[in-house]
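Notes for the one structure printed next.
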Amino acid sequence: MSSQAVLNLKSPAGKNSAPMVDKPQAPIDIRFGQLGVLQLRFRTLDPGVILDELRGRFSSAPQFFRRAAVCIDLLTVKPFPDVDALRAIMDAVSRTGMIPIGLAGEATAVEPLAIAVNLPVLSTLRTNTRPGPALEPVQPEREPQTEVEAASLVQPATDTTEMRDSTALLHTQMVRSGQRVYARHRDLIVSAGVASGSEVMADGCVHVYGSLRGRAIAGTRGDTSARIFCQEFRAELVSIAGVFRIFETIPADLSGKPVQVWLDGEKLHCTRIGT
Amino acid sequence: MAEIIVVTSGKGGVGKTTTSASIASGLARRDKRVAVIDFDIGLRNLDLIMGCERRVVYDFVNVIQGDCTLKQALIKDKRLDNLHLLAASQTRDKDALTEEGVSRVLDELGASGFDYIICDSPAGIEKGAHLAMYFADQAVVVVNPEVSSVRDSDRILGLLASKTKRAKQGNGKVTEHLLLTRYNPLRVAKGEMLSVDDVQEILGLDVVGVIPESPEVLAASNAGVPVIMNNESDAALAYQDAVDRLLGEEKPMRFTEAPKRGMFARMFGG
């Protein structure tokens with residue numbers, strides 16, 4: 001997340017505008033907006049590798065990332081790039097259709113680069129200082145695509161060094177259409193229903209003890225052992241570690257039944273529980 | 001303090017204004033002092049349904065902007081002495097409403113001894129709808145037995161739980177009531193409409209009333225009489241039951257079963 005001033009330009013009232021304009025409005029509203037920004041954290045300087053990796057990762061939903069604003073995070077990249085290397089990275093990112101809008105990383109190191117390429121340093125970005133395992137070259141933040149209810153998107157205030165917190169996130173309210181609940185680094189337990197048009201997500205497993213009519217996404221960060229459990233299966237979509245299945249019609253033997261979803265290689269299994 | 005009830009739905013055309021007029025009239029008939037406010041700035045309708053469109057001199061926006069006093073703008077209902085209407089402005093747009101302005105008017109209404117303030121929300125989830133629900137203590141979510149209406153109501157219920165003053169201040173939650181309108185048991189039996197149970201299950205809430213689909217509703221609207229005032233019709237009786245339930249009384253649900261068809265009708269269809 002980054003804070004960004006939003007300039008809302010309004011044309012001044014013309015001479016012929018109706019006399020009933022009640023209060024003169026300022027030509028510019030300046031306010032802080034919270035915007036979700038995709039963050040790309042690099043562990044290589046090779047533009048070819050970056051391009052291949054990004055194209056591979058986003059091949060399932062190329063439109064989703066088209067013209068998406070991204071922040072280039074240089075915290076973990078080694079060796080630290082010079083201006084030319086950074087331009088090469090930015091070029092690779094641009095060629096996937098995404099648009100770099102800023103840099104992040106250690107402020108003193110990034111500042112000169114930022115000036116050279118004329119991009120802001122998004123210094124307020126929360127950076128995870130844990131160097132990740134070498135096998136995950138890119139760790140894009142999930143970008144909220146729609147309006148996010150502040151009350152419903154639950155995120156711990158700080159990143160933990162452990163991958164999983166010891167306790168699950170418990171959500172006792174019904175998850176309504178348009179709401180998202182996300183359990184970062186842990187399991188999610190919803191003790192009420194999940195309405196159609198809503199999303200429940202967890203880095204670990206997702207448990208729903210009401211009816212699941214919306215989308216359930218487990219293993220958001222790639223944990224292939226994560227599972228989805230629900231008491232009454234009517235889901236629109238289920239996904240584990242990026243492998244998803246859409247239910248245009250729900251098979252009769254699963255509809256309304258207790259179901260678990262797990263991943264076996266690349267294949268997603270949905271089966272009744274307790275039969 | 002006055003109890004503030006918002007009548008909302010998300011989707012348009014499901015019966016919010018009809019419901020606002022009937023609930024306001026129903027509460028007033030139970031000897032409550034009631035003010036009903038039309039929040040649909042620019043598409044003012046409530047005055048028509050209440051039959052006082054020719055008596056609107058000042059409106060809600062005039063009060064907020066200080067062009068007149070609240071007392072000047074409140075229109076006394078011609079049938080019920082303790083029912084007052086604050087009409088919407090037909091000529092302004094929704095930006096004329098401000099949070100401070102709405103808050104001030106509601107406070108002033110509360111201070112002048114009203115027991116209930118009914119806020120008739122516009123459709124959608126924009127500013128007008130947001131301000132109509134923001135100060136609410138209770139919400140009547142009007143829903144039709146069809147999937148798009150149910151989904152929109154679900155969205156509204158989510159907003160009620162997160163975007164209202166009560167939710168933001170952690171001051172208890174807005175009491176949610178579900179009101180099912182345009183219900184036709186015959187079409188439910190044929191599987192063309194969602195049943196009461198379906199809607200309750202999808203939204204995870206019990207209904208406070210089920211208003212049967214009835215030609216009386218349209219006739220009453222066109223005549224400028226809230227349908228609850230027509231003691232003959234099923235819809236009026238169903239609204240009266242709903243008002244009683246809002247006041248905490250237990251009433252069995254009526255008009256939710258298809259009438260039994262006689263032998264003759266079954267043999268010859270119809």
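Might you let me know whether the range B:142-151 holds any residue that is more than 19 Å from the chain's Cα centre (by Cα), surrounded by fewer than 22 Cβ atoms within 10 Å (Cβ to Cβ) and on the phi < 0 side of the Ramachandran plot? Yes - at least one qualifying residue is present in the range B:142-151.
Listed here are the residues, each with its yes/no results for (1) within 24 Å of residue B:198 (Cβ to Cβ); (2) free of Cβ contacts under 8 Å to residues at least 40 places away in the same chain; (3) not hydroxyl-bearing (Ser, Thr, Tyr).
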position	(1), (2), (3)
A:177	yes, yes, no
A:185	no, yes, yes
A:206	no, yes, yes
A:211	yes, no, no
A:232	yes, yes, yes
A:250	yes, yes, yes
A:264	no, yes, yes
A:267	no, yes, yes
A:275	no, yes, no
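Inspection of the range B:107-114 finds no residue satisfying the criterion of being touching a Lys or Arg at 6+ places or on another chain (Cβ under 6 Å), within 12 Å of another protein chain (Cβ to nearest Cβ) and not small (Gly, Ala, Ser).
The rows are residues; the columns are (1) out of contact with any Leu (no Cβ under 6 Å at 6 or more places or on another chain); (2) among the charged types (D, E, K, R).
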| site | (1), (2) |
| --- | --- |
| B:11 | yes, yes |
| B:26 | yes, no |
| B:49 | yes, no |
| B:56 | yes, no |
| B:77 | no, yes |
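When restricted to residues that are touching a helix residue (DSSP H, G or I) at 6+ places or on another chain (Cβ under 8 Å), in contact (Cβ under 8 Å) with a residue 40 or more places away in the chain and not hydroxyl-bearing (Ser, Thr, Tyr), the range A:73-101 contains 7.
Identify all residues within the range B:174-205 that are within 19 Å of the chain's Cα centre (by Cα), over 17 Å from residue B:238 (Cβ atoms) and more than 14 Å from chain A (Cβ to nearest Cβ); write none if there are none. If the condition is that a residue be within 19 Å of the chain's Cα centre (by Cα), over 17 Å from residue B:238 (Cβ atoms) and more than 14 Å from chain A (Cβ to nearest Cβ), then B:175 is the only one that fits. Please tell me if residue B:210 is of a type outside the set (Asp, Glu), at pLDDT 95 or above and outside any helix (DSSP H, G or I). Yes, satisfied.
Looking at B:107, B:115, just one residue is surrounded by fewer than 21 Cβ atoms within 10 Å (Cβ to Cβ) and within 20 Å of the chain's Cα centre (by Cα), and that residue is B:115.
Residues checked against (1) outside any strand (DSSP E or B); (2) surrounded by fewer than 18 Cβ atoms within 10 Å (Cβ to Cβ); (3) of a type in the set (Phe, Trp, Tyr):
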| residue | (1), (2), (3) |
| --- | --- |
| A:52 | yes, yes, no |
| A:55 | yes, yes, no |
| A:63 | yes, yes, no |
| A:89 | yes, no, no |
| A:93 | yes, no, no |
| A:102 | no, no, no |
| A:108 | yes, yes, no |
| A:115 | yes, yes, no |
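Regarding the range A:233-245, can at least one residue be identified that is surrounded by fewer than 23 Cβ atoms within 10 Å (Cβ to Cβ), within 14 Å of another protein chain (Cβ to nearest Cβ) and under 16 Å from the mean Cα position of the chain (by Cα)? No, that holds for no residue. Here residue B:235 clears all of (1) open to solvent by 80 Å² or more (accessible area, probe 1.4 Å); (2) touching a strand residue (DSSP E or B) at 6+ places or on another chain (Cβ under 8 Å); (3) not β-branched (Val, Ile, Thr) except the condition numbered (1). Somewhere in the range B:210-220, is a residue within 14 Å of chain A (Cβ to nearest Cβ) and open to solvent by less than 40 Å² (accessible area, probe 1.4 Å)? No; the residues of the range B:210-220 include none that is within 14 Å of chain A (Cβ to nearest Cβ) and open to solvent by less than 40 Å² (accessible area, probe 1.4 Å).
Would you mind stating whether residue B:170 is within 14 Å of another protein chain (Cβ to nearest Cβ), in contact with a strand residue (DSSP E or B) (Cβ under 9 Å, 6 or more places away or on another chain) and without any contact (Cβ under 8 Å) to a residue 40 or more places away in the chain? It is false that residue B:170 is within 14 Å of another protein chain (Cβ to nearest Cβ), in contact with a strand residue (DSSP E or B) (Cβ under 9 Å, 6 or more places away or on another chain) and without any contact (Cβ under 8 Å) to a residue 40 or more places away in the chain.
Tell me, please, whether a residue that is at pLDDT 95 or above, in a helix (DSSP H, G or I) and away from chain A (no Cβ under 13 Å) can be found in the range B:136-158. Looking through the range B:136-158, none of the residues is at pLDDT 95 or above, in a helix (DSSP H, G or I) and away from chain A (no Cβ under 13 Å). The single residue among B:171, B:222 that is over 15 Å from the mean Cα position of the chain (by Cα) and part of a loop (DSSP other than H, G, I, E, B) turns out to be B:171. Residues of the range A:172-209 that are within 14 Å of chain B (Cβ to nearest Cβ), over 21 Å from residue B:148 (Cα atoms) and in a loop (DSSP other than H, G, I, E, B): A:172, A:173, A:191, A:192.
Looking at residue A:224, is it within 25 Å of the chain's Cα centre (by Cα), more than 30 Å from residue B:198 (Cβ to Cβ) and open to solvent by less than 70 Å² (accessible area, probe 1.4 Å)?
no
The values are calculated or read from the model by the stated rules, or taken from the named source; none is laboratory data. Small disclaimer: the values here were computed from a predicted structure and weren't measured. Please note: Cβ atoms are built from the backbone with ideal geometry, for glycine as well, and neighbour counts cover all protein chains shown. Accessible surface areas use protein heavy atoms only, side chains included; no ligands, DNA or RNA. Shrake-Rupley method; radii C 1.70, N 1.55, O 1.52, S 1.80 Å.
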